[in-house]
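Structure record follows, encoded as structure tokens.
The values are calculated or read from the model by the stated rules, or taken from the named source; none is laboratory data. Just so you know, these numbers come straight off a predicted model, no measurement behind them. Quick reminder, even Gly has a Cβ in these numbers, built from the backbone with ideal geometry, and neighbours come from all protein chains shown.
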Amino acid sequence: MKTRIPLLVTAAALLVSLAACSSPGTAGTGDRPADTTGSAPGPSALAKADGVTDITIWHGLGAANGIAFQSAIDRFNEEHEGKIAVKATYQGVYADLLAKYNAGIRSKSTPTVLLGGDVATGFLTDVGQSIPAADMAKANPNGLQLGDLAEQATNYYKVDGVQQAVPMNVSTPMLWVNRTILAKAGVDTDDLTTLDDVVAAAKTIKAKTGVAGYSMQADDWYIEQLTATAGQDFCLPGNGRGSEPASSISINSGQAKENITKVADLYRSGVAVDGAPDGSAAISAFQAGKVGMIVMSSGILGALKTGAPFDYQALPFPTSGPEGKSGPVIGGSGLWLSATATPAQQVAGWELETYLTSPEVQEEFSHATGYVPINTKTADSASQQQYLRENPITERFADQLAGTPVVSAAAGCVSGAMTAIKAENISQIVAAFNGQKSVDEALDAAAAKAKDSFAEYQQQLGN
Amino acid sequence: MTATVTSRRRPRLRAATVVRFLVVLVAAAVVFFPVWTSFVSAFLPSGVVVRDGVLPWPGSLTLRNFVAVTASVHLVPQYLVSVAVVTLQTTAQVVTGALAAYALVFPRWRGRALAFGLVLLTLAVPGESIVIPNYELVSAIGLRDTVLGVALPYLAAGYPVFLLRQAFAAVPTEIWEASRLDGAGDLRSLFAIVMPACRPEVTTAVIWSALSAWNGFFWPLLITDSGARTVQVGISQLAASEASDPSVLFAGTVLVVVPTILLVVLAQRLLVNGLARGVLH
């Protein structure tokens, strides 16, 4: 996968420049119906369509997540038989999916709906191949109600105040603890709310049990979390969400730098163990009882259920910033509706998005996958309440999402340059963690490279 | 005296043999280690795989992982597509490679060296750099999501041409001239005289082409949606970042690796036979 990142970045840059030359945002073939709002068609476009309207959706959900997703699609097709037929296709992990989408833009073969990874939000907005979700919601008042979705999740897909995509599957970073090891070390889980608490606990675990105290996936997402939970925007200005695009990152300054330094010290002193870029080493070490605490996504619950024969718990991601101004950034993916599909397909795609984010589907999908339901009405369901009582860990995911303030820091950075920046950041962070570079040196190098990447990306856009 | 010398040499020979044996054993263990890990882990529950660490032991065996693979992936149709792609791509690459190599070695014509240089140049072009133009071409001629579309850009490849050209160059020109004097045309000379003389190299070209066709991932993923998905693309769906089940991934890996291992084992016999029976060796 890593070997394809440079190619992907180059392809993305090329396509951004092409997109900058020709904006397809207003397209869509066929007559625009009377209830069209801006570029978004209303329900009559589908009502007037003859026969079955065929639409496609591309996604990157594999394993159990993919099975659960396909089963939701199958039910949608049953409910809309004779009117809408959806063909869902797995197109590889998010990087592969995006590469294929890029190729599809040029050959005009993009899907009606794309379930794209969160990191692609900036790029997908800039290439202008999608109708903003806000426009579709306005043109289809009886369909998806964006206000019903958790604001912490919708906020991620909002660029310059406009809702671009609809969150579908949302994960959140957690602090996973092995309660048996913590008990041996005399660490109380109630005392693990701040990053300083966690750092102290990790050292205690190592000193008293000999087992490593801490690990986390060597992925930039977690560095973003250490910044967001410090109440600091990862990208400047304003996480790239205002009228001005992101032009630098802030990890080499302020509380974010302090947080990363504290975590790096754990690795450099042997208190923490390497978690691997895909998190597999962190999960394996945790399951094998070789580490007391790991910072990982809520999505590992399924893996732990089958492979952790000890008492474990998920705690909120440790914070270090002011309450009400800091919190973790969501992960997962969002639904992007094609601007080049026919109006009937666009409305059919919007119906699909309405269905996939409905309280019932979100509840079922969440139980099958571990993703957090993003429709707030899911919480009203008796079966959901019963499920949460029986699965207190899952309840913590939902609580963390609901308790995250809707602020700039927790919204996360949005920029088409993020794919390249993430790859560079993590190589610098790993060098800092394993002692090849000083933390200052690594963070400054990451910040300098990021600045170049932002500038290059803007140049490709023609700005 | 002779007896004394012999008795002194024997222990030395034995010691050398033991050292050689140990070196080969260590090398074999290094090669066999990942194969062992994959195969054993494929039959173990996930929790056991994780706790066993790097060297799993076949204790509590289960077929659950293979059942999970078949539930997630449409294995049979994807296997059939992969077999079709491998057959088409390998046959085409070996045939075009042999034709090109023959033309580069036997008939004398101006620009032969330049043509061979251009073939060699293609080896320096990274496959991924031509993916987008290939995608546009295959899409434009309406072959997206078809077996032919998957194989089309790879019907000819530089490496088999290079390999066979080197092999054909070692065949004495007199044999080719004799076949031509006997009335054989170019095609007959190639397929009845030259290629059988180079069976080990032809076998190597077949193995190389078949393995690269079987192991292709990014291009088949890009050019197919669901109609002509290969098994490599299908198996990738077993991975779901942190939600992946390692045992199921190992089971998928085993299902993909078995055909390639069989191919190499069977082709190795051909290689040995070819070496033993080659008319010129």
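Determine whether B:A157 is under 16 Å from B:W219 (Cα atoms) and more than 14 Å from every other protein chain (Cβ to nearest Cβ). Considered against the rule, which asks whether it is under 16 Å from B:W219 (Cα atoms) and more than 14 Å from every other protein chain (Cβ to nearest Cβ), B:A157 comes out as yes.
Considering the conditions (1) over 23 Å from A:S284 (Cβ atoms); (2) touching a residue at least 60 places away in the same chain (Cβ under 8 Å), A:G213 is excluded by exactly one of them, (1). Look at the stretch B:112-135: where a residue is closer than 18 Å to A:K100 by Cα and a partner is modelled with pLDDT of 90 or more and of a type in the set (A, V, I, L, M, F, W, C), sitting 6+ places away or on another chain with Cβ atoms under 6 Å, you get B:Y135/B:L222.
For the stretch A:73-96, what are the residues that are within 14 Å of chain B (Cβ to nearest Cβ), within 18 Å of A:A341 (Cβ to Cβ) and buried (at least 21 other Cβ atoms within 10 Å of the Cβ)? Within the stretch A:73-96, A:V86, A:A88, A:Q91 meet the criteria.
So that you can scan it fast, the table gives a plain yes or no per residue for (1) more than 15 Å from the chain's Cα centre (by Cα); (2) surrounded by fewer than 24 Cβ atoms within 10 Å (Cβ to Cβ); (3) outside any strand (DSSP E or B); (4) modelled with pLDDT under 95:
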site	(1), (2), (3), (4)
A:A120	no, no, yes, yes
A:G147	yes, yes, yes, no
A:A153	no, no, yes, yes
A:A202	yes, no, yes, no
A:I205	yes, no, yes, no
A:K208	yes, yes, yes, no
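For A:G334, the conditions (1) small (G, A, S); (2) in contact with a strand residue (DSSP E or B) (Cβ under 8 Å, 6 or more places away or on another chain); (3) modelled with pLDDT under 90 are fulfilled apart from (3).
The criterion of being assigned to a helix (DSSP H, G or I), surrounded by 22 or more Cβ atoms within 10 Å (Cβ to Cβ) and assigned by TED's automatic domain parsing to the domain that holds A:L266 holds for A:A303.
Of the residues that sit in the stretch A:137-165 and are among the aliphatic types (A, V, I, L, M) and in contact with an Asp or Glu (Cβ under 8 Å, 6 or more places away or on another chain), which one is farthest from A:T376 (Cα to Cα)? Among those that are among the aliphatic types (A, V, I, L, M) and in contact with an Asp or Glu (Cβ under 8 Å, 6 or more places away or on another chain), it is A:A139. No other residue among A:A398, A:A410 is in contact with a strand residue (DSSP E or B) (Cβ under 9 Å, 6 or more places away or on another chain) and in a helix (DSSP H, G or I) apart from A:A398. For the stretch A:254-276, a residue qualifies if it is acidic (D, E) and closer than 20 Å to A:I205 by Cα, and the qualifying residues are A:D265, A:D274. Among the residues of the stretch A:179-200, write down those that are surrounded by 24 or more Cβ atoms within 10 Å (Cβ to Cβ) and not in a helix (DSSP H, G or I). Scanning the stretch A:179-200 gives a single hit, A:V187. Could you list, in sequence order, the residues of the stretch B:1-50 that are charged (D, E, K, R) and either at pLDDT 65 or above or surrounded by 10 or more Cβ atoms within 10 Å (Cβ to Cβ) (or both)? B:R9, B:R10, B:R14, B:R20 - these are the residues of the stretch B:1-50 that are charged (D, E, K, R) and either at pLDDT 65 or above or surrounded by 10 or more Cβ atoms within 10 Å (Cβ to Cβ) (or both).
Yes/no per residue for (1) within 14 Å of chain B (Cβ to nearest Cβ); (2) at pLDDT 95 or above; (3) buried (at least 22 other Cβ atoms within 10 Å of the Cβ):
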residue	(1), (2), (3)
A:W350	no, yes, yes
A:T354	no, yes, no
A:T369	yes, no, yes
A:Y387	no, no, no
